[in-house]
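The values are calculated or read from the model by the stated rules, or taken from the named source; none is laboratory data. None of the values given here were measured: they were computed from a predicted structure. Virtual Cβ from ideal backbone geometry, glycine too; neighbours counted across all protein chains shown.
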Amino acid sequence: MKINIQRLMQNIERYAQIGKTGEIGVERITLSDEDKQARDLLKSQMTAAGLEIYVDEIGNMIGLRRGRQDVPPVAMGSHLDTVYQGGRYDGALGVLAGLEAIQTLNDEGIETEKPIALINFTNEEGVNYAPDMMGSHAFAQLGDLGKILASQSYDDPTKSVDSELQRIGYKGDLKCGDFPLDSFIELHIEQGPVLELEGTDIGAVEMVQGIYWTRYTIQGQANHAGTTPLQYRKDAGYAASEIIKFAGDYVRNSPTQILSTVGTISFEPNAINIVPDKATFTLDLRSVNLETLKDGQEAIDNFANDIIQNSGLSLERDEMVRFSPVQFDDGVVSLIADKAGELGLSVKRMPSGAGHDAQMMASVCPTAMVFVPSVNGISHNVNEFTKEEDLENGANVLLNACFELANR
Ligand code: GLV
Ligand code: MN
Ligand code: MN
């Protein structure tokens, strides 16, 4: 069975207009007006496809296509939110290809044994509210829902997840987790260079690396840049730079795989001739190995404590996210690889470097992911691009794998 690629491409283009930035980029931050607009469009398309719609307390949207049996559905999905200055495929592909798979079943007049569900998860990206993968995290009941709903916007502490869900009209009634699933498959762009470099069509994703997010706030004392001798300074900016350099060096010298990124930093008062009295930065630390991840975090924290000690500075650490590496279900991974093979596509079993809703769903039901190549491995960037034939291949693998799961 094959999806309708013209319809899928038109739909991707349609969603890419909502929050369009640059030539082909998209900025659709979670719980923003653009997020609401994309959700409203999805709701109308789910309804037109004959799906029953449910919205849960964290704003996850679920569309249900009934099967012959009244049993938990096979689910597909991903997220419609993006990062700042993001691309058109990260997240949207998994939702829109899932919708396309359902529309294809409708076109063919096919009834499946088990129902099929399509899910749009809230705030996968986590660029304005922590944690990332928020909707799937809550769906899987892995965190304290009250705390998650109270999570404040990084930009504006008067806004919480709860207040913004209500504002855009997506605070639903369905209790998080009150929607048992048979299995879950997420189609996503790889967001890295491996498939393209190796000339492979499809990634059958076996695991997702662990993610630790920490915000460090260093407090010092503002003072004159010209008159304050070095030994009398409480320079929060200089201390921050030493910790940032250590985190970068640590991963570069590590014998085991680990990545560190400092993606945000701010100084106060942020003036050219004032020693900063406050420096705030975030650390994104990832590894496929939990021990490596823990060791890295500990080493960076120990170094930060050493820098702060006897300096007159103080340090606060906010552990924003602590997600361990996750293994996917071998049966679903093999099914994805088999379906790709049946479609004449080459397959590589591989880990995921990026975080995904599927990594939360792995604790709910048998789960795995399908990857398609990213041109030049670029993502979280307005120039993120995947070729049409790769989108088509990925959507066909998703359709056929879900179809088989729904008839088992
Ligand atoms: C999600 O996109 C992440 O990996 O940060
Ligand atoms: Mn994504
Ligand atoms: Mn992303």
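Some notes on this structure:
- Filter result for Gly87 (under 22 Å from Glu388 (Cα atoms) and surrounded by 17 or more Cβ atoms within 10 Å (Cβ to Cβ)): yes
- Flag for Gly192 being surrounded by 17 or more Cβ atoms within 10 Å (Cβ to Cβ), under 30 Å from Ile336 (Cβ atoms) and not hydrophobic (A, V, I, L, M, F, W, C): yes
- Wholly enclosed helices (runs of 4 or more DSSP H) of the range 289-408 bearing at least 3 residues buried (at least 16 other Cβ atoms within 10 Å of the Cβ) and over 16 Å from the mean Cα position of the chain (by Cα): 290-308, 330-342, 388-406
- Any chance Gly25 is in the same structural domain as Leu391 (by TED's automatic domain parsing) and on the phi > 0 side of the Ramachandran plot: no
- Reported count of residues in the range 103-128, each being more than 13 Å from ligand 1 (Cβ to nearest atom) and surrounded by 24 or more Cβ atoms within 10 Å (Cβ to Cβ), is 6.
- In the range 55-66 there is at least one residue matching the filter, namely being among the charged types (D, E, K, R) and in a loop (DSSP other than H, G, I, E, B).
- Being in contact with a Gly (Cβ under 7 Å, 6 or more places away or on another chain) and either in contact (Cβ under 8 Å) with a residue 40 or more places away in the chain or not small (Gly, Ala, Ser) (or both) is a condition met by at least one residue of the range 100-108.
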